1. Would you tally the residues in region 169-195 being surrounded by 15 or more Cβ atoms within 10 Å (Cβ to Cβ), at pLDDT 95 or above and farther than 19 Å from LEU143 by Cβ?
2. Out of (1) within 16 Å of the ligand (Cβ to nearest atom); (2) farther than 25 Å from LYS255 by Cβ; (3) of a type in the set (D, E, K, R), what's the single condition that is false for GLU148?
3. Pairs, please: C-beta under 8 Å, at least 6 apart or cross-chain, first residue without any contact (Cβ under 8 Å) to a residue 24 or more places away in the chain and in region 121-135, second more than 9 Å from the ligand (Cβ to nearest atom) and charged (D, E, K, R)?
4. If I go through region 142-155 residue by residue, how many of them are part of a helix (DSSP H, G or I), of a type outside the set (Val, Ile, Thr) and closer than 22 Å to GLU35 by Cβ?
5. Here are the criteria: (1) over 28 Å from LEU60 (Cα atoms); (2) at pLDDT 95 or above. Tell me which single one THR127 does not satisfy.
6. Which condition does SER252 not pass, out of (1) surrounded by fewer than 19 Cβ atoms within 10 Å (Cβ to Cβ); (2) of a type in the set (S, T, N, Q); (3) more than 23 Å from the chain's Cα centre (by Cα), if it passes all the others?
7. Going through region 1-44 one residue at a time, which ones are away from the ligand (no atom under 14 Å from the Cβ) and of a type in the set (D, E, K, R)?
8. Only one of (1) buried (at least 18 other Cβ atoms within 10 Å of the Cβ); (2) without any contact (Cβ under 8 Å) to a residue 24 or more places away in the chain is not met by LEU209, so which one is it?
Amino acid sequence: MKRVLSGIQPTSESFHLGNYLGAVKQWVDLQKGHETYYAIVDLHALTGDVDPKLLRARTLASAAQLIAVGIDTEKSALFVQSHLPEHNQLGWIMECVASFGEASRMTQFKDKSSKGGADGARVGLFTYPMLQAADILLYQADLVPVGEDQRQHIEITRDLANRFNTRYGQVFTLPDAYILKEGAKIYDLQEPTNKMSKSASSASGVIELMDPPDVNLKKFKSAVTDTGKEVVFDEKNKPGISNLLTIHSAISGVKIKELENEFAGKGYGDFKMAVAEVVVEHLKPIREKALGLLEDETELIKILHDGASRAKVTANKTLTQTYKALGLVL
Ligand code: TRP
């Protein structure tokens, strides 16, 4: 069985519909036929400013939502990155394999550090990709489901693994990026040419999983539509309607073509209501389940500890092989 590993930063108390349909749903689907490891990468979140109370709340909220959307903690090892010191241990080794030059060329580092200036950017932002490489390589992952923006981080992971294997002997599996399908890209309801994102200028175009149903219903009702009146998929001329079609189809499983037929002759208003209902009904039980899990933190943390102890078996094995290959005395 192929191994899958992915990580998500606990950057918000609620996933939005874009995270859910883009990334998290694929995590759920990949559980079938794969050995899956999913990490809430709290150490990566420390590369930015974060309030400790919020970090804690977001870590638990992420776990609760992952379980609520269908990560089966019997099947998958769902864990918090900081519960496993092996990530830091292999992270250091990867820092000693990576060159200063290649780390400096990472576009995410360049983008983020250019905003805050040299004194604003943490060293952890610079070493971020080496910690991410460790996340992946510890589990000998074959596949890493990520968004397009993470392609370069998977590339450097492969380079580091390959360099290590060549220098010190075969230890690491070279992972492949499993890039999320274009169709799973969800746009902002108010600015349908921008990706749905937590950094949107206004919250009114972003559907949050943890928001109450009436809040989300309202957001769909006021979603931007386009000129004309036909419900047809045309990303160029009808980005708003196309986005709503994508959302409906992703959740209902009904093909876009069929949706176009179903809504032929009906107005945008009817269509928006239908999308709203499909989404809101789908999210209701998810939100309720997540809220239920968050009610008992002790139990939720126990589930995460259990995931960590299962992940540890694999992580430990890899770390031991790595140390041996390097000549570290065990
Ligand atoms: N850098 C990833 C992101 O921002 C998060 C991440 C950390 C990750 N470690 C990972 C993703 C390992 C996949 C595998 O989305």
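The values are calculated or read from the model by the stated rules, or taken from the named source; none is laboratory data. Being a predicted model, the structure only gives us computed values, none of them experimental. Virtual Cβ from ideal backbone geometry, glycine too; neighbours counted across all protein chains shown.
1. Residues flagged as surrounded by 15 or more Cβ atoms within 10 Å (Cβ to Cβ), at pLDDT 95 or above and farther than 19 Å from LEU143 by Cβ within region 169-195 amount to 6.
2. (2)
3. That search, which allows pairs on different chains as well, returns ALA121/LYS112.
4. 2
5. (1)
6. Here SER252 meets the rest and fails (3).
7. Scanning region 1-44 gives LYS2, GLU13, LYS25, ASP29, LYS32, GLU35.
8. Single failed check for LEU209: (2).
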